[in-house]
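Every read-out reported here was derived from the displayed coordinates using simple, explicitly stated rules and does not represent laboratory data. None of these values were measured; they are calculated from a predicted model. Neighbour counts are summed over all protein chains in view; Cβ atoms, including those assigned to glycine, are modelled from backbone coordinates with ideal geometry.
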Amino acid sequence: MKQKRAIKVDNERLNKLQTKESSVNLDWLLKQPNVNELESTLQFISFIDLHIEIENYDMQGVCHICCNNQIKLKFIQIANGLLIYEETNCVVLSDCVIQKKKFHCHHNQLFLISLQNQKGRLILIFSHPISQKEWYKILKLSAKQIDFLKKYRIQDNICLNFYLISHKKKKKKYAAQIINRKNFKLYDQQEVINNYVKILRNNNIQNVFSIISIFDENDILYLLTEQFIGSTFEQLLSNHKTQIIQSDLAFIIFSVLQNLKSLQDEDLFHGNINLDNIIIVNKQSQVGVYVINPIYKLYTSKSIDYYVHNICDYLIAPEINENQAPSLSSDIYQLGILLMLVSFYSMQDNLNPLFIQRVLQNKQTLISSQEIKFQQYQNSDYPYLFSACQLDLIKQMTEKDPNKRISVQDAIKHAWFINTKDKVKMQKQNFNKHLPSLKTIIEMVEQSDKDIKRKSLQSTNFIHQIVSIQKFEFSPYRQQQPEISPLKKTSESLTEIVDEEHQISDLIDQLNNKQYLMLPSQYNHLNQANNQLRLIQTENNIEQSQV
């Protein structure tokens, strides 16, 4: 569900701007008393040592740099989240806070872009405002911005620490994950967050939300993405009004496996697959899954304690207790445990530690008893356990020996997904047999309005009994959009901004109290919103996908 953001650059326009910037002489700046405001102090890292092969650059051109009391024209490029300086050095943009500034001196005016991180600052100097505008437009996609509350208004809570927000001037709506770092005591926490941002920015990672922009101020991180409606997997299970059918459950598990496969391709892992870190979303009529809050870092024997303390005990793979570092194999184990808990969950149960302990302690007995049921062609005793293949996948994913545990490649190709897909196809074929012929349709049109309405209602009811699919040919979910009254135009004042700072502070305190931020689920269920995520069955969302 992740699409690469298209970066539109007018190359002809940039070439003209580059010619103008190259022809400007800024030596007069060195004589100004406030020239130190333009001094760049950033320490670059070697681009050559990174051994990165770049085929396409997002943008390239020239700007002036003031360094060591010298003004020089420098060639710069943007690619892969890096600002490359003179083709030899670079700076990681996600580590930098970006700002637009102006420099006034007598009748002269310069247009600046400031990039600042813990190692210093880099000031890009432009003589033309359009140059500043074009470069800033691309740089801000990777760097961090400030002044979030001056630009956006926080509205409703979506789920966890995700909020619906709106742009104050454009009135356009977005979603934002808000992460409070004020209580971070360990460097590991900051490292995990930095890696999380890099994972979200990686266009090769599937089933994560795409970042539009990042705001970083007062130890609060705002990760902006496109507006969506969603619910955590845990909320979905806790909502007894929602019935999950086999294709729904398979779609969710398959989507998480897709995410893990893409992480493995980038030599990464997630580390904390739990019910709160899986969000079922509806975005622009497209249904999918977001896998959030990975705790990836390079763990050592000394730092493994941080990992263990941030994971629920029942999700710790057996090899972790033997001091092995977490890996994609331990992610598979975690997902297998979740699938097992869901499979043996019923409407009368509560997702609490007692239920989890009962399932884990009776794992073999539960699986064996249900295997006998399936061998005798009987239905299982549990609403979310559908077949013997599902039990087989659970056993392979929760194998204690990591060397015998199923790989993510084999899990994606497992018979449970294939059989589920085939069942959906058969249901579609049976449905097509009942479709009326052209002659029948003409006869229906010639009937009275009353008969047409009656037959239309019957047809609609019949269609809603057919299982439809999304992507993997699995049925999607939909949550109705709440009706939000149009925002009235008001003057933006300092008082409003201060009030919103109190508002966001209160929201962050609530998040801390509920321990939603990068922590395992404590099964303190959220109060269900008025518009809960619910299953729908519609023929319009069918889309083919290869297993």
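Taking a quarter of the surface of the Cα convex hull of the stretch 305-376, what do you get in nm²? Could the numbers behind the result be given before it?
On the way: hull surface 23.6 nm².
Result: a mean projected hull area of 5.9 nm².
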| With the dipole of the stretch 65-196 worked out from charges on the C-beta (+1 for Lys and Arg, -1 for Asp and Glu) around the Cα centre, which of Gln70, Gln132, Leu164 lies farthest toward the positive end? | Leu164
| said: Going by average Cβ density within 10 Å per residue, which order do the peptides 45-56, 394-405 take, highest to lowest? | reply: 394-405, 45-56
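In debye to the nearest 20, how big a dipole does the stretch 144-238 give about its Cα centre with +1 on each Lys and Arg Cβ and -1 on each Asp and Glu Cβ? Mind dumping the intermediate values first?
Numbers: 15 positive and 9 negative charges, 127 e Å.
It comes to approximately 600 debye.
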| task | Please list, in chain and number order, the residues 5+ apart from Met59 or on another chain whose amide H is under 5 Å from its amide H, with Hs placed from the backbone. | result | Ile78
| So, in Å, what gap is there between the alpha-carbon centers of the stretch 38-83 and the stretch 99-141? | 14 Å
| task | Name the shape class, rounded, prolate or oblate, that the alpha-carbon gyration tensor gives for the stretch 103-208, where a ≥ b ≥ c are the square roots of its eigenvalues, rounded holds for a/c under 1.5, and otherwise prolate holds if a/b is larger than b/c and oblate otherwise. | result | prolate
| said: Spelling out what I want: for every residue of the stretch 400-415, take phi, set θ = phi - 60°, compute 6.51 cos²θ - 1.76 cosθ + 1.60 (Karplus), and round to whole Hz; glycine and proline get x. | reply: 5, 7, x, 6, 9, 5, 5, 7, 5, 5, 6, 5, 5, 8, 5, 4
| query | Which whole-Hz couplings ³J(HN,Hα) result when phi for each residue of the stretch 203-214 is put into the Karplus expression 6.51 cos²θ - 1.76 cosθ + 1.60, θ = phi - 60°, listed in order with x for Gly and Pro? | reply | 5, 8, 8, 8, 6, 10, 6, 7, 7, 7, 7, 10
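Size of the dipole of the stretch 1-98 about the Cα centre, Lys and Arg at +1 and Asp and Glu at -1 on the beta carbon, nothing else charged, in debye to 20? Provide the component values of the computation, followed by the final result.
Numbers: 10 positive and 13 negative charges, 80 e Å.
The calculation lands at about 380 debye.
For the stretch 220-327, what is the convex hull volume of its Cα atoms per residue in Å³? Intermediate results must be reported in sequence, preceding the final value.
Values: hull volume 16.3 nm³, N = 108.
So the per-residue Cα hull volume is 151 Å³.
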| field | Cα-centred dipole magnitude for the stretch 201-281, charges only on beta-carbon of K, R (+1) and D, E (-1), debye, nearest 20 | value | 360 debye
| task | For Gln145, list long-range residues whose amide hydrogen, built 1.01 Å from N in the peptide plane, is under 5 Å from its own amide hydrogen. | result | Ile98, Ile214, Phe215, Asp216
| request: Order the peptides 260-269, 286-295 from the highest to the lowest mean number of other Cβ atoms within 10 Å of their residues. | output: 286-295, 260-269
| said: Could you derive backbone 3J(HN,Hα) for the stretch 136-147 from the dihedral phi with the Karplus parameters 6.51, -1.76 and 1.60 (θ = phi - 60°), listing whole Hz in sequence and x where the residue is Gly or Pro? | reply: 5, 4, 8, 5, 5, 5, 10, 8, 9, 10, 10, 6
| message | Using 10 Å bins from zero, what percent of all Cα-Cα pairs in the stretch 7-95 falls into each bin? | response | 15, 41, 34, 10, 0
